[in-house]
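To start, the structure itself, in structure tokens.
Since every read-out is calculated from the coordinates, none of them should be taken as a lab result. Since the model is a prediction, treat every value here as computed from it, not as a measurement. Every residue, glycine as well, gets a Cβ built from its backbone with ideal geometry; the counts of neighbours run over all protein chains shown.
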Amino acid sequence: MDVRERVVLITGASSGIGRELARQLAGRGARVALLARTADRLRALAAEIDPTGPRAIAVPADVADRAAVDAAVSATVSHFGRLDCLVNAAGVGYFGEVARMPMDAFDRVVKTNVYGVVNCVQAALPHLRERRGMIVNVSSGLAKRALPFLTAYAGTKSMLNGLSDGMRLELRRHRIHVLNYCAPETDTEMAAHTLHEPGAEMPPVRRGRPVGRVAARIVRAMEAERREVVEDPMFAIMGVLAPRLLDSIFYRVMVKRYARD
Ligand SMILES: NC(=O)c1ccc[n+]([C@@H]2O[C@H](COP(=O)([O-])OP(=O)(O)OC[C@H]3O[C@@H](n4cnc5c(N)ncnc54)[C@H](OP(=O)(O)O)[C@@H]3O)[C@@H](O)[C@H]2O)c1
């Protein structure tokens, strides 16, 4: 897909991968609608991308709130006249054991990472059908092999991978392409935003990839209409070839370090 002049709605655009993707897509000639909850960050980004306004707009919403998502999609289409592409980059992590996880935190993670994607897809679909558009889901390498203490988060991303695979076929007859991008550990604010068990705060990302490089990989995958990109597939491959070895590595690295009882 040539992104020039395409209208792209990007969720999670107030921070990290979504924000950088918005900058890079706009830099390549796309028009962008920026969605997240923090309206002032979205407005600042829209002003940075295009101070005169017509090529970037803020459409604040909580992806878990279907009515708010519908309103954001309507605002996008009434500003730009169409919608060519939806990028689902909004997401939230949880660090801690599933057995002790407060259900309101579980709710927030599932509602954002799973319901949020389905809400945005359903709201955008009539417009994407008209344009034979594209859906990009930002998943995670952890979808292929969960890490202890990031289990609930990884579970939502596994579901996202399943949703991407199924939707790719369901939407093929409408000529809508679905790209599933399993992101590597990336240097963003995600660790700071990650919900956590009291006393089990997520360690900061130390070896994350630069966010600019990750966004550039997504742009290239969109342009090449890739179906899936899995960055750093080593754990996924080891999970198939040597699952017991991987279990014992994860046990030593994560459980022995972070278990509190
Ligand atoms: N960073 C990594 O190492 C990594 C690795 C693999 C996959 N990923 C995935 O990459 C995506 C982007 O993460 P990131 O690293 O850029 O994290 P980030 O810097 O924390 O950004 C997360 C974005 O999601 C938005 N968001 C969260 N909850 C939302 C909600 N309910 N409604 C609307 N927007 C919401 C946040 O905006 P507001 O708070 O303003 O709403 C923010 O813009 C996520 O899906 C994440 O799971 C990240």
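Once the Cα atoms are used to define both axes, helix 116-131 deviates from the longest principal axis of the chain by about 30 degrees.
With charges set only on the Cβ (+1 for Lys and Arg, -1 for Asp and Glu), what does the dipole of segment 143-258 come to about its Cα centre, in debye to the nearest 20? Can you show the working numbers first?
Details: 19 positive and 13 negative charges, 70 e Å.
Its charge dipole is roughly 340 debye.
Phi-derived couplings, Karplus 6.51 cos²θ - 1.76 cosθ + 1.60 at θ = phi - 60°, listed residue by residue for segment 52-57: 8, x, x, 9, 8, 10 Hz, with x used for Gly and Pro. Dipole check for segment 108-200: with +1 at the C-beta of Lys and Arg, -1 at the C-beta of Asp and Glu, and the Cα centre as origin, the magnitude is about 580 Debye. For the pair R108 and D50, the difference between a 0.36 nm per residue extended length and the Cα-Cα distance amounts to 17.6 nm.
With contacts taken as Cα pairs under 8 Å at a separation of at least 6 residues, segment 100-202 carries a relative contact order of 33 percent. Length gained on full extension, M238 to Y251, computed as 0.36 nm times the residue gap minus the Cα-Cα distance: 3.2 nm.
Calculated translational diffusion coefficient of segment 204-261 (10 °C, 1.306 mPa s; Stokes-Einstein with Kirkwood radius over alpha-carbon pairs) equals 112 µm²/s. Remark on segment 62-119: hydrodynamic radius 12.9 angstrom, per the Kirkwood mean of 1/r across alpha carbon pairs.
In what sequence do T194, T76 fall when counting other Cβ within 10 Å, fewest first?
Details: T194 18, T76 26.
Listed from fewest to most nearby Cβ atoms, that is T194, T76.
Using only the Cα atoms of segment 130-261, each taken as one equal point scatterer with no solvent, compute I(q) by the Debye sum, divide by I(0), and report log10 of the ratio at q = 0.14, 0.15, 0.17 Å⁻¹. Here the Debye-derived log intensity ratios amount to -0.72, -0.82, -1.00. Once the Cα atoms are used to define both axes, helix 39-49 deviates from the longest principal axis of the chain by about 60 degrees.
Going from the fewest other Cβ atoms within 10 Å to the most, the residues Y115, Y153 appear in the order Y115, Y153. Annotation: the residues L142, L21, sorted from fewest to most other C-beta atoms within 10 Å of their own C-beta, follow the order L142, L21. So what does the Cα-only Debye profile of segment 1-138 read at q = 0.12, 0.15 Å⁻¹, as log10 I(q)/I(0), no solvent term? The Debye formula, applied to the Cα set alone, gives -0.44, -0.66. Evaluated with a Cβ-only charge set (Lys, Arg +1; Asp, Glu -1), the chain carries a dipole of roughly 640 debye about its Cα centre, given to the nearest 20. Take the Kirkwood radius over Cα pairs of the chain, plug it into Stokes-Einstein at 25 °C and 0.890 mPa s, and you get 132 µm²/s for translational diffusion.
The stretch between H174 and R227, if pulled fully straight at 0.36 nm per residue, gains 17.5 nm over its current Cα-Cα span. In the chain, the longest principal axis of the Cα atoms and the axis of helix 211-223 are about 60 degrees apart.
When the Cα convex hull of segment 85-169 is projected onto planes of every orientation, the mean area is 5.5 nm².
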